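The values are calculated or read from the model by the stated rules, or taken from the named source; none is laboratory data. Nothing here was measured: the structure is a model prediction, and the numbers come from that model. Cβ coordinates were reconstructed from backbone atoms using ideal geometry, including for glycine residues, and neighbour counts include every protein chain displayed.
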Amino acid sequence: MGVTVERVTWSHPDAERLRAAQRSELDARYGSDDHEPGVIPSADDVPVFLVAREESGLAIVCGGLRPLDPAVLGTDVAEIKRMYASPSARGTGAAVALLRALEGEARLLGIRSLVLETGTAQPDAVRFYEREGYGPIPLFGHYIGSGLSLCFAKSL
């Protein structure tokens, strides 16, 4: 599947549609209670947001970067936020393309390490990140003490 990756605003309709689909999937896995520890991502703290589009132009994968306060994990660290692939896009390479684009954007910002949180009910995400070179790390920041969180990192 040929995909293109582009930078969009947080409020772009495709970004909002994909994040809503992610929320529905997470609600189905974890229940509809708020399952976002800490500050909910927004346009104010996620300056980079990307979507991957299939050849037809349909946005099928999204993800963003949120620079972290140096007090959390040191300097030059950003967190991947709202990474989501539509079920039809899984296994096609579109998510890998978007992840590589996020890593490239991070490098341009001077980020040296990317971290992320995923959940215990998302073994597919865990396999994806491990396959792409992200290794488990201790829970950090707002995830400390969460029984549903798993955290990963990759040096760039």
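Go through the range 122-143 and count every residue that is assigned to a loop (DSSP other than H, G, I, E, B) and at pLDDT 95 or above. Residues in the range 122-143 being assigned to a loop (DSSP other than H, G, I, E, B) and at pLDDT 95 or above: 5 in total. Taking the criterion of being touching a Cys at 6+ places or on another chain (Cβ under 9 Å) and among the polar types (S, T, N, Q), the only residue of the range 22-68 that qualifies is GLN22.
Against the list (1) out of contact with any Asp or Glu (no Cβ under 6 Å at 6 or more places or on another chain); (2) surrounded by 12 or more Cβ atoms within 10 Å (Cβ to Cβ), the condition LEU108 fails is (2).
Would you say GLY119 is within 13 Å of the chain's Cα centre (by Cα), at pLDDT 95 or above and not aliphatic (A, V, I, L, M)? So GLY119 fails the test. ASP33 meets all of the listed conditions (1) modelled with pLDDT of 95 or more; (2) under 20 Å from SER146 (Cα atoms); (3) out of contact with any strand residue (DSSP E or B) (no Cβ under 9 Å at 6 or more places or on another chain); (4) of a type in the set (Asp, Glu) but one, namely (1). Answer yes or no as to whether GLY147 is assigned to a loop (DSSP other than H, G, I, E, B), on the phi > 0 side of the Ramachandran plot and surrounded by fewer than 14 Cβ atoms within 10 Å (Cβ to Cβ). For GLY147, the condition - assigned to a loop (DSSP other than H, G, I, E, B), on the phi > 0 side of the Ramachandran plot and surrounded by fewer than 14 Cβ atoms within 10 Å (Cβ to Cβ) - is not met. Pull up the range 63-102, narrow it to residues that are within 20 Å of ALA20 (Cα to Cα) and touching a Ser or Thr at 6+ places or on another chain (Cβ under 9 Å), then point me to the one that is surrounded by the most Cβ atoms within 10 Å (Cβ to Cβ). Here the answer is ALA85. I'd like to check something: does the range 68-84 contain any residue that is closer than 21 Å to ILE137 by Cα, small (Gly, Ala, Ser) and within 17 Å of the chain's Cα centre (by Cα)? Yes, because at least one residue in the range 68-84 is closer than 21 Å to ILE137 by Cα, small (Gly, Ala, Ser) and within 17 Å of the chain's Cα centre (by Cα).
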